[in-house]
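What follows is a short report on a single structure.
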Amino acid sequence: MMRLWTTLYLVVSAPLQIQCFATPPFHNSIHRGGSSLTASTSANIDASINNEASVHVVDSQDLFRQFAEFLRSHQASMIEEIERMDGSGEKFSRDGWGVFTDESCTDVDGTGGITRVIQGGDVVEKGACSLTIIQNGKLTKERAETISARQKDLEVGEGDVYSAAALSVVLHTRNPFVPTFRSDVRIFLVQTGSKEDKGTSVAWFGGGSDLTPYYLIDDDITSFHMNLKSMCNAHFPPNNEYKLSYAQMKQNCDEYFYLPARSEHRGTGGIFFDDLPATQSSFDFVKDVAEGWMPSWLPIVERNKEKEYSDQQKQWQCLRRGRYLEFNLLYDRGVKFGLANANPRVEGVMVSAPPMIAYEYNHVVEKGSEEERLMEVLKRPRDWA
(Lines give C-alpha, C1' and ligand atoms only; values in the text may rest on other atoms or scores of the structure.)
Protein backbone atom coordinates (compact mmCIF):
# COMPACT_ATOMS: atom_id res chain seq x y z
CA MET A 1 0.00 0.00 0.00
CA MET A 2 1.35 3.39 -0.93
CA ARG A 3 0.88 6.00 1.74
CA LEU A 4 2.70 9.11 2.85
CA TRP A 5 3.35 8.97 6.59
CA THR A 6 5.44 11.49 8.44
CA THR A 7 6.30 11.74 12.09
CA LEU A 8 3.65 14.35 12.85
CA TYR A 9 1.14 12.23 14.71
CA LEU A 10 -1.15 13.28 17.49
CA VAL A 11 -1.64 10.14 19.47
CA VAL A 12 -3.25 11.00 22.75
CA SER A 13 -6.25 8.78 22.52
CA ALA A 14 -7.50 6.00 20.33
CA PRO A 15 -4.77 4.91 17.91
CA LEU A 16 -5.10 5.90 14.31
CA GLN A 17 -8.40 7.62 14.94
CA ILE A 18 -6.61 10.46 16.70
CA GLN A 19 -3.73 10.69 14.32
CA CYS A 20 -3.16 13.86 12.38
CA PHE A 21 -0.81 13.29 9.53
CA ALA A 22 1.68 15.68 8.02
CA THR A 23 0.64 14.62 4.57
CA PRO A 24 0.12 16.68 1.42
CA PRO A 25 -1.15 20.12 2.38
CA PHE A 26 -3.46 22.39 0.44
CA HIS A 27 -4.15 26.06 1.09
CA ASN A 28 -5.16 29.39 -0.38
CA SER A 29 -2.75 29.18 -3.31
CA ILE A 30 -3.08 25.35 -3.46
CA HIS A 31 0.34 23.74 -3.88
CA ARG A 32 0.70 20.93 -6.35
CA GLY A 33 1.86 17.59 -5.19
CA GLY A 34 0.89 14.97 -2.72
CA SER A 35 0.22 11.34 -2.28
CA SER A 36 -2.58 9.43 -0.71
CA LEU A 37 -3.41 5.93 0.31
CA THR A 38 -3.00 4.58 -3.20
CA ALA A 39 -1.11 5.65 -6.27
CA SER A 40 -4.36 6.28 -8.11
CA THR A 41 -5.62 8.55 -5.33
CA SER A 42 -2.39 10.51 -5.52
CA ALA A 43 -2.64 10.96 -9.24
CA ASN A 44 -6.29 11.96 -9.11
CA ILE A 45 -5.85 14.59 -6.39
CA ASP A 46 -2.73 15.91 -8.08
CA ALA A 47 -4.57 16.28 -11.36
CA SER A 48 -7.57 17.92 -9.75
CA ILE A 49 -5.59 20.80 -8.29
CA ASN A 50 -3.95 21.75 -11.57
CA ASN A 51 -7.05 23.87 -12.07
CA GLU A 52 -6.82 26.04 -8.97
CA ALA A 53 -10.04 27.88 -9.72
CA SER A 54 -11.99 24.61 -9.38
CA VAL A 55 -11.65 24.50 -5.59
CA HIS A 56 -13.61 26.94 -3.47
CA VAL A 57 -11.02 28.40 -1.09
CA VAL A 58 -11.65 29.68 2.43
CA ASP A 59 -9.38 30.92 5.18
CA SER A 60 -7.64 27.85 6.61
CA GLN A 61 -7.36 29.18 10.17
CA ASP A 62 -11.01 30.17 10.30
CA LEU A 63 -12.00 26.76 8.96
CA PHE A 64 -9.78 25.09 11.55
CA ARG A 65 -11.52 26.91 14.38
CA GLN A 66 -14.99 26.09 13.03
CA PHE A 67 -14.01 22.44 12.77
CA ALA A 68 -12.54 22.31 16.27
CA GLU A 69 -15.74 23.81 17.70
CA PHE A 70 -17.79 21.24 15.80
CA LEU A 71 -15.68 18.39 17.19
CA ARG A 72 -16.09 19.59 20.77
CA SER A 73 -19.87 19.83 20.52
CA HIS A 74 -20.21 16.61 18.54
CA GLN A 75 -18.28 14.64 21.15
CA ALA A 76 -20.71 15.76 23.85
CA SER A 77 -23.84 14.98 21.82
CA MET A 78 -22.54 11.59 20.69
CA ILE A 79 -21.72 10.50 24.24
CA GLU A 80 -25.26 11.30 25.34
CA GLU A 81 -26.61 9.25 22.44
CA ILE A 82 -24.40 6.23 23.19
CA GLU A 83 -25.24 6.26 26.91
CA ARG A 84 -28.95 6.43 26.08
CA MET A 85 -28.66 3.57 23.58
CA ASP A 86 -26.65 1.38 25.98
CA GLY A 87 -29.34 1.64 28.64
CA SER A 88 -27.24 0.14 31.45
CA GLY A 89 -26.82 3.34 33.42
CA GLU A 90 -23.06 3.22 32.89
CA LYS A 91 -21.58 6.61 32.09
CA PHE A 92 -18.51 7.75 30.20
CA SER A 93 -15.65 8.75 32.47
CA ARG A 94 -13.86 12.02 31.68
CA ASP A 95 -10.10 12.44 31.53
CA GLY A 96 -9.25 16.00 30.51
CA TRP A 97 -5.80 17.41 29.97
CA GLY A 98 -4.40 20.79 29.00
CA VAL A 99 -7.06 23.48 28.77
CA PHE A 100 -9.75 20.82 29.18
CA THR A 101 -8.58 19.85 32.65
CA ASP A 102 -11.19 22.41 33.67
CA GLU A 103 -14.53 20.72 32.93
CA SER A 104 -16.18 24.07 32.32
CA CYS A 105 -13.75 24.96 29.52
CA THR A 106 -15.34 25.31 26.08
CA ASP A 107 -12.45 27.20 24.49
CA VAL A 108 -10.91 25.57 21.41
CA ASP A 109 -8.10 28.14 21.16
CA GLY A 110 -5.80 26.28 23.56
CA THR A 111 -4.10 22.90 23.59
CA GLY A 112 -5.76 19.98 25.34
CA GLY A 113 -7.95 16.95 25.02
CA ILE A 114 -10.83 15.02 26.53
CA THR A 115 -10.74 11.23 26.65
CA ARG A 116 -14.16 9.76 27.46
CA VAL A 117 -14.45 6.04 28.25
CA ILE A 118 -17.41 3.77 29.03
CA GLN A 119 -16.86 0.27 30.44
CA GLY A 120 -19.17 -2.55 31.44
CA GLY A 121 -22.25 -1.42 29.54
CA ASP A 122 -25.03 -3.72 28.39
CA VAL A 123 -24.31 -3.03 24.70
CA VAL A 124 -20.90 -1.37 24.77
CA GLU A 125 -18.51 -3.54 26.74
CA LYS A 126 -15.87 -0.86 26.31
CA GLY A 127 -15.95 2.34 24.29
CA ALA A 128 -13.85 5.46 23.90
CA CYS A 129 -14.64 8.85 22.40
CA SER A 130 -11.64 11.15 22.35
CA LEU A 131 -11.11 14.77 21.42
CA THR A 132 -7.69 16.31 20.80
CA ILE A 133 -6.82 19.90 19.95
CA ILE A 134 -3.25 21.10 19.49
CA GLN A 135 -2.67 24.82 19.02
CA ASN A 136 0.57 26.53 18.06
CA GLY A 137 2.81 23.51 18.19
CA LYS A 138 6.31 23.87 16.75
CA LEU A 139 7.80 21.64 14.11
CA THR A 140 11.09 20.05 15.05
CA LYS A 141 13.90 20.05 12.53
CA GLU A 142 13.41 16.36 11.84
CA ARG A 143 9.68 16.70 11.27
CA ALA A 144 10.04 19.78 9.09
CA GLU A 145 12.64 17.98 6.98
CA THR A 146 10.33 15.01 6.61
CA ILE A 147 7.59 17.23 5.22
CA SER A 148 9.94 19.21 2.98
CA ALA A 149 11.45 16.05 1.51
CA ARG A 150 8.05 14.98 0.30
CA GLN A 151 6.60 18.41 -0.46
CA LYS A 152 9.06 20.08 -2.81
CA ASP A 153 6.79 23.08 -3.45
CA LEU A 154 6.14 23.82 0.21
CA GLU A 155 8.63 25.76 2.30
CA VAL A 156 8.50 24.26 5.79
CA GLY A 157 11.19 24.76 8.39
CA GLU A 158 12.07 24.06 11.98
CA GLY A 159 9.96 26.17 14.30
CA ASP A 160 7.05 26.58 11.91
CA VAL A 161 3.72 26.53 13.72
CA TYR A 162 1.19 23.75 13.33
CA SER A 163 -2.25 23.06 14.77
CA ALA A 164 -4.35 19.91 14.72
CA ALA A 165 -7.73 18.71 15.90
CA ALA A 166 -9.28 15.25 15.90
CA LEU A 167 -12.24 13.32 17.21
CA SER A 168 -12.34 9.52 17.34
CA VAL A 169 -14.67 6.84 18.60
CA VAL A 170 -14.18 3.09 19.11
CA LEU A 171 -17.06 0.99 20.43
CA HIS A 172 -16.40 -2.64 21.39
CA THR A 173 -19.68 -4.47 21.83
CA ARG A 174 -20.65 -7.13 24.34
CA ASN A 175 -22.74 -9.20 21.94
CA PRO A 176 -20.64 -10.94 19.23
CA PHE A 177 -23.44 -10.39 16.72
CA VAL A 178 -22.95 -6.60 16.97
CA PRO A 179 -19.79 -5.41 15.15
CA THR A 180 -17.16 -3.16 16.67
CA PHE A 181 -17.39 0.38 15.29
CA ARG A 182 -14.38 2.65 14.69
CA SER A 183 -14.29 6.16 13.24
CA ASP A 184 -12.40 9.43 13.25
CA VAL A 185 -12.16 12.83 11.60
CA ARG A 186 -9.22 15.21 11.81
CA ILE A 187 -7.68 18.40 10.47
CA PHE A 188 -4.03 19.45 10.30
CA LEU A 189 -2.83 23.01 9.68
CA VAL A 190 0.68 24.37 9.20
CA GLN A 191 1.74 28.01 9.19
CA THR A 192 4.97 28.75 7.35
CA GLY A 193 7.12 31.85 7.73
CA SER A 194 8.14 34.08 10.63
CA LYS A 195 6.02 35.12 13.60
CA GLU A 196 5.74 38.63 12.22
CA ASP A 197 4.75 37.38 8.81
CA LYS A 198 2.81 34.23 9.56
CA GLY A 199 3.15 33.35 5.92
CA THR A 200 0.85 30.81 4.42
CA SER A 201 -1.62 28.65 6.30
CA VAL A 202 -2.08 25.18 4.82
CA ALA A 203 -4.67 22.67 6.01
CA TRP A 204 -6.21 19.33 5.07
CA PHE A 205 -8.71 16.80 6.40
CA GLY A 206 -8.68 13.06 7.02
CA GLY A 207 -10.94 10.47 8.59
CA GLY A 208 -13.38 7.65 7.98
CA SER A 209 -15.39 4.88 9.63
CA ASP A 210 -15.43 1.09 9.48
CA LEU A 211 -16.87 -2.09 11.00
CA THR A 212 -15.20 -5.14 12.54
CA PRO A 213 -17.83 -7.89 12.71
CA TYR A 214 -17.42 -11.24 14.44
CA TYR A 215 -20.27 -12.91 12.60
CA LEU A 216 -21.15 -11.92 9.07
CA ILE A 217 -24.69 -10.59 8.76
CA ASP A 218 -24.72 -9.54 5.13
CA ASP A 219 -27.66 -7.14 5.33
CA ASP A 220 -26.00 -5.21 8.16
CA ILE A 221 -22.71 -4.77 6.32
CA THR A 222 -24.52 -3.85 3.12
CA SER A 223 -26.66 -1.20 4.83
CA PHE A 224 -23.58 0.30 6.48
CA HIS A 225 -21.76 0.59 3.16
CA MET A 226 -24.85 1.81 1.31
CA ASN A 227 -25.14 4.69 3.80
CA LEU A 228 -21.50 5.59 3.19
CA LYS A 229 -21.85 5.31 -0.57
CA SER A 230 -24.94 7.53 -0.62
CA MET A 231 -23.19 10.20 1.45
CA CYS A 232 -20.02 10.07 -0.66
CA ASN A 233 -21.99 10.28 -3.90
CA ALA A 234 -23.81 13.37 -2.64
CA HIS A 235 -20.51 15.17 -2.05
CA PHE A 236 -18.38 13.64 -4.80
CA PRO A 237 -20.40 13.19 -8.01
CA PRO A 238 -18.63 11.90 -11.12
CA ASN A 239 -15.82 14.18 -12.29
CA ASN A 240 -15.83 16.10 -8.99
CA GLU A 241 -13.09 18.62 -8.28
CA TYR A 242 -11.32 16.32 -5.83
CA LYS A 243 -11.50 13.23 -8.06
CA LEU A 244 -12.70 11.22 -5.06
CA SER A 245 -15.35 8.51 -4.76
CA TYR A 246 -16.81 6.00 -2.34
CA ALA A 247 -15.09 3.16 -4.21
CA GLN A 248 -11.72 4.83 -3.83
CA MET A 249 -12.16 5.53 -0.13
CA LYS A 250 -13.48 2.01 0.45
CA GLN A 251 -10.35 0.60 -1.18
CA ASN A 252 -8.21 2.89 0.97
CA CYS A 253 -9.89 1.48 4.08
CA ASP A 254 -9.43 -2.13 2.98
CA GLU A 255 -5.77 -1.52 2.27
CA TYR A 256 -4.99 0.17 5.54
CA PHE A 257 -6.71 -2.20 7.97
CA TYR A 258 -4.77 -5.22 6.82
CA LEU A 259 -2.59 -7.70 8.72
CA PRO A 260 0.02 -8.75 6.15
CA ALA A 261 1.55 -11.46 8.31
CA ARG A 262 -1.82 -13.24 8.38
CA SER A 263 -2.97 -12.17 4.91
CA GLU A 264 -6.30 -11.02 6.31
CA HIS A 265 -8.17 -7.77 6.80
CA ARG A 266 -9.23 -6.60 10.23
CA GLY A 267 -12.88 -6.17 9.34
CA THR A 268 -15.33 -5.48 6.53
CA GLY A 269 -14.14 -1.93 6.05
CA GLY A 270 -15.91 1.31 5.35
CA ILE A 271 -14.22 4.46 4.08
CA PHE A 272 -10.87 6.04 4.82
CA PHE A 273 -9.63 9.33 3.38
CA ASP A 274 -6.69 11.63 3.89
CA ASP A 275 -4.96 14.57 2.21
CA LEU A 276 -8.32 16.22 1.51
CA PRO A 277 -7.95 19.97 0.80
CA ALA A 278 -9.49 22.06 3.58
CA THR A 279 -12.22 23.96 1.74
CA GLN A 280 -15.80 24.76 2.62
CA SER A 281 -17.09 21.87 0.53
CA SER A 282 -14.68 19.36 2.06
CA PHE A 283 -15.58 20.69 5.53
CA ASP A 284 -19.22 19.94 4.76
CA PHE A 285 -18.32 16.40 3.70
CA VAL A 286 -16.20 15.68 6.80
CA LYS A 287 -18.94 17.07 9.03
CA ASP A 288 -21.46 14.75 7.35
CA VAL A 289 -19.08 11.83 7.91
CA ALA A 290 -19.00 12.50 11.65
CA GLU A 291 -22.73 13.18 11.93
CA GLY A 292 -23.42 9.94 10.08
CA TRP A 293 -21.50 7.70 12.51
CA MET A 294 -24.33 6.83 14.85
CA PRO A 295 -27.10 6.69 12.21
CA SER A 296 -25.03 4.13 10.27
CA TRP A 297 -24.26 1.91 13.29
CA LEU A 298 -27.19 2.16 15.72
CA PRO A 299 -29.71 0.37 13.46
CA ILE A 300 -27.29 -2.57 13.34
CA VAL A 301 -27.11 -2.51 17.13
CA GLU A 302 -30.89 -2.50 17.51
CA ARG A 303 -31.28 -5.48 15.19
CA ASN A 304 -28.75 -7.65 17.01
CA LYS A 305 -28.14 -6.56 20.61
CA GLU A 306 -30.71 -8.96 22.10
CA LYS A 307 -29.57 -12.05 20.18
CA GLU A 308 -28.55 -14.99 22.29
CA TYR A 309 -24.98 -16.25 21.97
CA SER A 310 -22.99 -19.18 23.30
CA ASP A 311 -19.72 -19.29 25.21
CA GLN A 312 -18.07 -20.58 22.03
CA GLN A 313 -19.32 -17.56 20.08
CA LYS A 314 -18.04 -15.20 22.78
CA GLN A 315 -14.68 -16.96 22.64
CA TRP A 316 -14.59 -16.43 18.87
CA GLN A 317 -15.26 -12.74 19.42
CA CYS A 318 -12.32 -12.61 21.83
CA LEU A 319 -10.08 -14.39 19.31
CA ARG A 320 -10.97 -11.84 16.64
CA ARG A 321 -10.41 -9.05 19.15
CA GLY A 322 -6.92 -10.46 19.50
CA ARG A 323 -6.41 -9.67 15.82
CA TYR A 324 -7.75 -6.16 16.46
CA LEU A 325 -5.11 -5.57 19.13
CA GLU A 326 -2.49 -7.30 16.99
CA PHE A 327 -3.11 -4.81 14.20
CA ASN A 328 -2.87 -1.86 16.58
CA LEU A 329 0.40 -2.97 18.12
CA LEU A 330 2.16 -4.29 15.02
CA TYR A 331 0.92 -2.14 12.16
CA ASP A 332 -0.80 1.01 13.35
CA ARG A 333 1.63 3.88 12.86
CA GLY A 334 -0.08 6.02 15.46
CA VAL A 335 0.28 3.49 18.26
CA LYS A 336 3.90 2.77 17.44
CA PHE A 337 4.74 6.46 17.35
CA GLY A 338 2.82 7.22 20.52
CA LEU A 339 4.49 4.49 22.53
CA ALA A 340 7.93 5.48 21.22
CA ASN A 341 7.64 9.03 22.57
CA ALA A 342 9.35 9.98 25.80
CA ASN A 343 6.85 9.69 28.67
CA PRO A 344 3.96 8.58 26.45
CA ARG A 345 0.36 8.94 27.58
CA VAL A 346 0.01 5.17 27.54
CA GLU A 347 -3.61 5.03 28.68
CA GLY A 348 -4.54 7.45 25.92
CA VAL A 349 -2.56 5.60 23.25
CA MET A 350 -4.08 2.25 24.21
CA VAL A 351 -7.62 3.43 24.93
CA SER A 352 -9.08 1.76 21.84
CA ALA A 353 -7.88 -1.71 22.89
CA PRO A 354 -10.68 -4.27 23.39
CA PRO A 355 -11.68 -5.06 26.99
CA MET A 356 -10.99 -8.80 26.68
CA ILE A 357 -9.05 -10.73 24.05
CA ALA A 358 -7.95 -14.31 23.49
CA TYR A 359 -5.04 -15.94 21.71
CA GLU A 360 -5.19 -19.62 20.84
CA TYR A 361 -2.28 -21.41 19.23
CA ASN A 362 -2.96 -22.39 15.63
CA HIS A 363 -6.71 -21.93 15.85
CA VAL A 364 -8.54 -23.56 12.94
CA VAL A 365 -12.13 -22.67 12.08
CA GLU A 366 -14.60 -25.42 11.36
CA LYS A 367 -15.35 -26.13 7.71
CA GLY A 368 -18.71 -24.78 6.62
CA SER A 369 -19.15 -22.72 9.80
CA GLU A 370 -20.17 -19.09 10.15
CA GLU A 371 -16.68 -18.39 11.43
CA GLU A 372 -15.23 -19.75 8.19
CA ARG A 373 -17.64 -17.61 6.17
CA LEU A 374 -16.36 -14.50 7.95
CA MET A 375 -12.75 -15.50 7.34
CA GLU A 376 -13.41 -15.88 3.62
CA VAL A 377 -14.52 -12.24 3.46
CA LEU A 378 -11.60 -11.08 5.59
CA LYS A 379 -9.23 -12.84 3.19
CA ARG A 380 -10.97 -11.46 0.09
CA PRO A 381 -12.83 -8.16 0.68
CA ARG A 382 -16.24 -7.87 -0.94
CA ASP A 383 -17.92 -4.96 -2.70
CA TRP A 384 -20.90 -4.30 -0.44
CA ALA A 385 -22.51 -1.36 -2.21
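Near the amide H of Thr111, within less than 5 Å, lie the amide hydrogens of Val99, Gln135, all on another chain or at least 5 residues away, with H placed in the peptide plane. Using the Karplus relation 6.51 cos²θ - 1.76 cosθ + 1.60 with θ = phi - 60°, the per-residue 3J(HN,Hα) values for segment 160-165 come to 4, 8, 10, 9, 8, 8 Hz, with x marking Gly and Pro. Equivalent ellipsoid of segment 329-385: semi-axes from √(5λ) of the C-alpha gyration tensor, largest first, are 32, 16, 10 Å. Rolling a 1.4 Å probe over the protein heavy atoms leaves Leu330 with an accessible area of roughly 90 Å².
Given Cα pairs under 8 Å that are at least 6 residues apart, what percent is the relative contact order of segment 282-385?
24
In this structure, the amide hydrogen of Gly269, modeled 1.01 Å from its nitrogen in the peptide plane, lies closer than 5 angstrom to those of Leu211, counting only residues at least 5 positions away or on a different chain.
In the distance distribution for segment 235-326, Cα-Cα pairs more than 17 Å apart total 66 percent. For segment 226-235, backbone phi angles converted through the Karplus equation (6.51, -1.76, 1.60; θ = phi - 60°) give residue-by-residue couplings of 5, 4, 5, 5, 4, 5, 4, 5, 5, 9 Hz, Gly and Pro being listed as x.
Residues Lys379, Lys367, Lys314 ordered from highest to lowest accessible area at a 1.4 Å probe: Lys367, Lys379, Lys314. Do the alpha carbons of any pairs in Lys229/Lys367; Lys126/Lys336; Lys287/Lys307; Lys229/Lys307; Lys138/Lys287; Lys141/Lys243 sit beyond 24 Å of each other, and which pairs? Too far apart for the 24 Å limit: Lys229/Lys367; Lys287/Lys307; Lys229/Lys307; Lys138/Lys287; Lys141/Lys243. Each residue of segment 169-186 was assigned a 3J(HN,Hα) from its phi angle through the Karplus expression (A = 6.51, B = -1.76, C = 1.60, θ = phi - 60°), giving 9, 9, 10, 8, 8, 6, 7, x, 8, 10, x, 5, 10, 10, 7, 6, 9, 7 Hz with x at Gly and Pro.
Counting other C-beta atoms within 10 Å, and keeping those with at most 12, which DSSP coil GluC sites (Glu not before Pro) do you find in segment 190-265? Hits after loop and neighbour filter: Glu196.
For segment 180-324, with all protein chains in place and a probe radius of 1.4 Å, 48% of the accessible heavy-atom surface sits on carbon or sulfur. Here the mean projected area of the convex hull built on the C-alpha positions of segment 274-385 is 11.0 nm².
The values are calculated or read from the model by the stated rules, or taken from the named source; none is laboratory data. This is a predicted model, so every value here is computed, not measured. Reconstructed Cβ throughout: ideal geometry from the backbone, glycine too, with neighbour counts over all protein chains shown. For accessibility, only protein heavy atoms count, side chains too; no ligands or nucleic acids. Shrake-Rupley method; radii C 1.70, N 1.55, O 1.52, S 1.80 Å.
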